Structures are given as C-alpha cells and as structure tokens.
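Chemist: First the structure, then my questions, so here it is.
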C-alpha cells in the first residue's frame with residue numbers, strides 16, 4: 001500500500017541533518033531477511049538538501065539547472081551514476097566547476113534514501129519511491145530495494161550483478177532508524193574490497209615493462225606503505241599516476257601484518273573524498 005507523505009514530514013535540510021549521512025560496514029553473514037538489498041552503484045555519492053547537490057563531505061556539486069529542475073524540496077541521499085563501468089565519466093563530469101550539459105545528459109541521480117529521523121528504512125524506501133513518482137524529472141530515479149529470503153539468494157544476486165558488470169550489493173536494515181556515521185544498519189557486499197592510498201613513488205619496470213612503471217609505492221592514511229604492481233594497462237604504465245595523487249585499489253582482506261592482500265590498481269581518485277582505510 002502506497003504511503004502518502006504528509007507535508008508535516010517534509011522539511012528542508014539543516015546543517016545538523018547534514019551530519020547524519022550513513023556509512024556502510026562489511027556484510028558478515030547477518031540474517032539477510034532483516035535487510036532490503038539493492039545494487040551498489042559505482043558512482044559519486046551525493047546529497048540533495050532540497051536546493052543544492054553536494055558531496056557527502058559538504059562540497060557543492062555544480063550540476064546544470066535543468067538537471068535538478070522539479071526535484072522535491074526535501075532531503076535525498078543517492079548516487080550520481082551513468083551506468084555500470086562508467087565511473088570515470090561521472091567523476092570527470094561532476095568535478096567540473098563549469099557544468100558540461102552534454103556530459104551531464106548521461107547521468108542520473110539514483111536515490112536510495114529520503115532521510116527522516118522518525119521512520120524505519122523500509123518506510124523511507126516507500127517514501128522516496130512516492131516522492132520520485134510524483135515528479136516528472138527524467139534525471140531522478142529510485143533505487144529498487146528487494147527482500148531476499150537467505151544468504152543463498154543474496155550470493156546468487158551478487159553473482160548476477162557482478163556478471164553484468166556491477167560492483168556489488170548494499171543491505172539496509174529494514175527496521176533501522178536513521179543514524180549518522182558508520183553503522184551495522186547499512187552493509188556492503190562485494191567480491192573484493194577497495195580503499196584509497198596516496199602515491200609517494202614509482203618503481204621502474206623490468207622485462208617487457210622496461211622503461212615503464214613496475215609498481216606504485218603508496219601510503220595509507222595511517223602512514224603504512226606498500227607497493228601495487230598489478231591492475232595497470234600498458235598506457236597507464238607508460239603514464240602512471242603522479243606522486244601526490246590518490247588512487248583507488250582493490251584487495252582481498254589483510255595480511256597478518258595488516259597490509260592489503262593482493263592489492264590491484266583501479267583508477268586515480270580525483271576531487272574531495274573521504275580517505276577509506278582497508279578493512280579486514
């Protein structure tokens with residue numbers, strides 16, 4: 001049954017509310033039936049405060065006026081997304097100070113929450129679907145939330161999403177109220193983990209990579225250093241990320257000494273973002 005959101009529950013975002021952005025922890029065999037599951041979109045997290053789009057750190061996003069025209073005057077949380085495998089397009093477009101309308105044409109704002117301190121996530125999911133259905137915006141889309149019976153169904157969905165080029169899954173606890181910061185009410189499940197590091201040096205390649213990059217020397221936010229030697233194309237080895245730039249890398253858990261295991265380069269991470277530490 002569709003729930004009509006009363007005007008009394010719709011408010012403009014405040015500075016205090018901006019601090020209630022939720023961050024995910026890693027899925028570790030929790031009871032799947034307690035959660036609503038959706039695809040993890042590989043885009044840029046964005047907050048709509050009823051007037052302005054911004055990153056979750058509060059930096060304004062300069063979207064064209066037509067992109068946000070007709071959006072509801074309420075707080076929304078979502079992902080700027082251009083489709084699977086198109087993160088670089090989103091990053092390049094969203095970080096421009098002067099918006100390129102042609103590039104923005106390929107992007108949608110995929111809403112996965114309409115924060116309300118008094119409602120469970122399941123109620124909020126119904127609300128954001130209703131809010132978006134009431135608009136005629138072509139750029140605003142709701143993220144589908146599904147109930148799954150067990151972990152077998154969860155991993156079957158993960159396999160399907162990954163096979164189609166997706167990144168993974170997100171699990172929102174159905175009965176959880178909104179709470180800022182990292183929370184077990186929001187979980188992520190991927191076939192690999194990822195994090196960021198700062199490039200602090202280059203190691204020269206050998207053999208077929210003679211005269212090119214062999215590995216990046218990188219540093220985590222905690223000061224730990226290690227090398228990443230895989231995941232690069234030949235073009236990236238010829239022109240590697242510069243010292244001082246930040247990169248995203250994939251890995252599979254941590255070693256006994258706490259460093260990322262099987263670390264592999266993904267891409268340069270530009271613009272303001274929150275440094276993510278590797279998780280076990």
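The values are calculated or read from the model by the stated rules, or taken from the named source; none is laboratory data. Please read these numbers as outputs of a predicted model, since none were measured by experiment. Cβ placement follows ideal geometry from the backbone for every residue including glycine, while neighbour counts extend to all protein chains displayed.
Chemist: Just checking, does region 168-188 include any residue being under 28 Å from residue 269 (Cβ atoms), surrounded by fewer than 19 Cβ atoms within 10 Å (Cβ to Cβ) and at pLDDT 90 or above?
Modeler: Within region 168-188, one or more residues are under 28 Å from residue 269 (Cβ atoms), surrounded by fewer than 19 Cβ atoms within 10 Å (Cβ to Cβ) and at pLDDT 90 or above.
Chemist: Looking only at region 46-91, which residues are part of a helix (DSSP H, G or I) and either touching a strand residue (DSSP E or B) at 6+ places or on another chain (Cβ under 8 Å) or touching a residue at least 24 places away in the same chain (Cβ under 8 Å) (or both)?
Modeler: 66, 67, 68, 87, 88, 90, 91
Chemist: When you look at residue 249, is it part of a strand (DSSP E or B), out of contact with any helix residue (DSSP H, G or I) (no Cβ under 6 Å at 6 or more places or on another chain) and outside the structural domain of residue 91 (by TED's automatic domain parsing), yes or no?
Modeler: yes
Chemist: Further, regarding this structure: Determine whether residue 235 is within 24 Å of residue 92 (Cα to Cα) and either assigned by TED's automatic domain parsing to the domain that holds residue 145 or assigned to a helix (DSSP H, G or I) (or both).
Modeler: yes
Chemist: Here's a follow-up. Give region 46-82 a look and list any residue that's closer than 19 Å to residue 182 by Cα and surrounded by 18 or more Cβ atoms within 10 Å (Cβ to Cβ), or say none.
Modeler: If the condition is that a residue be closer than 19 Å to residue 182 by Cα and surrounded by 18 or more Cβ atoms within 10 Å (Cβ to Cβ), then 46, 47, 55, 76, 77, 78, 79 are the ones that fit.
Chemist: Among 195, 185, which is touching a strand residue (DSSP E or B) at 6+ places or on another chain (Cβ under 7 Å), part of a strand (DSSP E or B) and farther than 27 Å from residue 125 by Cβ?
Modeler: None of the other options fit; the residue is 195.
Chemist: Here's a follow-up. Being surrounded by fewer than 19 Cβ atoms within 10 Å (Cβ to Cβ) and touching a residue at least 24 places away in the same chain (Cβ under 8 Å) is the filter here, so list the residues in region 144-153 that pass it.
Modeler: Selection gives 144, 146, 147, 148, 149, 150, 151, 153.
So that you can scan it fast, the table gives a plain yes or no per residue for (1) farther than 21 Å from residue 41 by Cα; (2) in a helix (DSSP H, G or I); (3) modelled with pLDDT under 95; (4) within 21 Å of the chain's Cα centre (by Cα):
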| site | (1), (2), (3), (4) |
| --- | --- |
| 112 | no, no, no, yes |
| 122 | no, yes, no, yes |
| 129 | no, yes, no, yes |
| 136 | yes, no, yes, no |
| 144 | no, no, no, yes |
| 152 | yes, yes, yes, no |
| 158 | no, yes, yes, yes |
| 162 | no, yes, yes, yes |
